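The values are calculated or read from the model by the stated rules, or taken from the named source; none is laboratory data. Computed from a predicted model, the values in this text were never measured in an experiment. Please note: Cβ atoms are built from the backbone with ideal geometry, for glycine as well, and neighbour counts cover all protein chains shown.
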Amino acid sequence: MSERKEKIFGTLIFILMLGGLCYLIIYSNKIQENKRIAKINIEGNNLLSKNDYLLFSRLYNISLFKGLTLGIIKDRFEKHPYILQADVEYIGKNKVNVHLAEKKIYAVLLNDVEPYLVSENFQLLPLLPNTKFVDYPVITNLKGNKLKSLMVMHSDDLVQAFKIIDAARLTDTKILKKLSEINLRTGGDIVMTFSGIQPPVIFGRGREAEKMVCLEMLWSNLFEGKNLLIGSDYIDLRFADNIYLGNIVQRTPLEKNQD
């Protein structure tokens, strides 16, 4: 008798489990139907417009897609070279909110092949059409030309350029905003140019913070008042605790190093 009861009890349990599974499948389908994604809202974008990100991710016209999920949306946005992370959330009424965390850009790198954006992790990113970039210094004449998109270029030259950018940022943001070019001169003495200022600055190598502090102390006289720049062809920061304003007579140290 007990054996028969056990069989009946087991059958009932099986029927209940099967019924529960069927209910979950039907209910899940209803949820998926109710959560059909019809609109994607993007926030956190600075380097590109929302439409540019949607076009790259092939999500501009989502009415063409069936079975679009939050995971698929997240994966497509995070494949963009500018995106560090994408947080995707269903906010109701068939709408999805995507918050983009873009990679932090330090500079624009120019070489003979193509320009790159350089992220804070020394990754070379393609400079895509419609990219919005303001106040990024340009790095030129990097030693070595074997560059390709998305590679990490942790070279001594690029590290040196980053130290200069960091020193300018920590010393005075207006110095960084005026910094137009860091010419690495393929391993020679680094030369910088500032927007609105004619004479180049021979920065040399090393002692980045010390040189930036020295430059900042005389910034108003050197760059804003410009009185000290009259007749000067270059500014030299290579010597400890001193700034030299020089004139090019025949061949300067800068010219010799360019040979």
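The single condition among (1) touching a residue at least 60 places away in the same chain (Cβ under 8 Å); (2) at positive phi; (3) hydrophobic (A, V, I, L, M, F, W, C) that A107 does not meet is (2). Assess whether S220 counts as being at pLDDT below 85, touching a Pro at 6+ places or on another chain (Cβ under 8 Å) and of a type outside the set (A, V, I, L, M, F, W, C). In short, no. When you scan the stretch 125-144, how many residues do you find that are part of a loop (DSSP other than H, G, I, E, B) and surrounded by 13 or more Cβ atoms within 10 Å (Cβ to Cβ)? Looking only at that region, the number is 8. Going residue by residue through the stretch 60-73, is there one that turns out to be hydrophobic (A, V, I, L, M, F, W, C) and part of a loop (DSSP other than H, G, I, E, B)? Yes, the stretch 60-73 contains a residue that is hydrophobic (A, V, I, L, M, F, W, C) and part of a loop (DSSP other than H, G, I, E, B). Within the stretch 84-102, residues that are in contact (Cβ under 8 Å) with a residue 12 or more places away in the chain and of a type in the set (G, A, S) sit with their Cβ atoms under 7 Å from residues that are surrounded by 13 or more Cβ atoms within 10 Å (Cβ to Cβ) and part of a loop (DSSP other than H, G, I, E, B), at 6+ positions apart or across chains, in these pairs: A101/G44. Contact map, the stretch 213-225: residues that are closer than 13 Å to I197 by Cβ and in the same structural domain as L170 (by TED's automatic domain parsing) paired with residues that are exposed (fewer than 14 other Cβ atoms within 10 Å of the Cβ) and at pLDDT below 70, Cβ distance under 8 Å, separation 6+ or inter-chain. Pairs shown: N221/N227. Within the stretch 130-147, being over 24 Å from G188 (Cβ atoms) and modelled with pLDDT under 90 holds for K132, F133, V134, D135. Note on the stretch 146-180: residues that are among the acidic types (D, E) and surrounded by 19 or more Cβ atoms within 10 Å (Cβ to Cβ) total 1. Look at the stretch 41-55: where a residue is without any contact (Cβ under 8 Å) to a residue 24 or more places away in the chain and a partner is outside any loop (DSSP other than H, G, I, E, B) and crowded, with 19+ Cβ neighbours inside 10 Å, sitting 6+ places away or on another chain with Cβ atoms under 6 Å, you get K50/I42. Within the stretch 60-69, can one find any residue that is modelled with pLDDT under 90, under 27 Å from K104 (Cβ atoms) and not β-branched (V, I, T)? For the stretch 60-69, residues modelled with pLDDT under 90, under 27 Å from K104 (Cβ atoms) and not β-branched (V, I, T): present. Out of everything in the stretch 197-217 that is crowded, with 16+ Cβ neighbours inside 10 Å and either of a type in the set (A, V, I, L, M) or in a strand (DSSP E or B) (or both), what residue ends up being nearest to the chain's Cα centre (by Cα)? Here the answer is M212. Answer yes or no: is there a residue in the stretch 102-115 that is surrounded by 14 or more Cβ atoms within 10 Å (Cβ to Cβ) and within 30 Å of R36 (Cβ to Cβ). Within the stretch 102-115 (the criterion being surrounded by 14 or more Cβ atoms within 10 Å (Cβ to Cβ) and within 30 Å of R36 (Cβ to Cβ)), the answer is yes, since at least one residue qualifies.
Could you tell me whether any residue of the stretch 163-182 is hydroxyl-bearing (S, T, Y) and part of a loop (DSSP other than H, G, I, E, B)? Within the stretch 163-182 (the criterion being hydroxyl-bearing (S, T, Y) and part of a loop (DSSP other than H, G, I, E, B)), the answer is no, since none of the residues qualifies.
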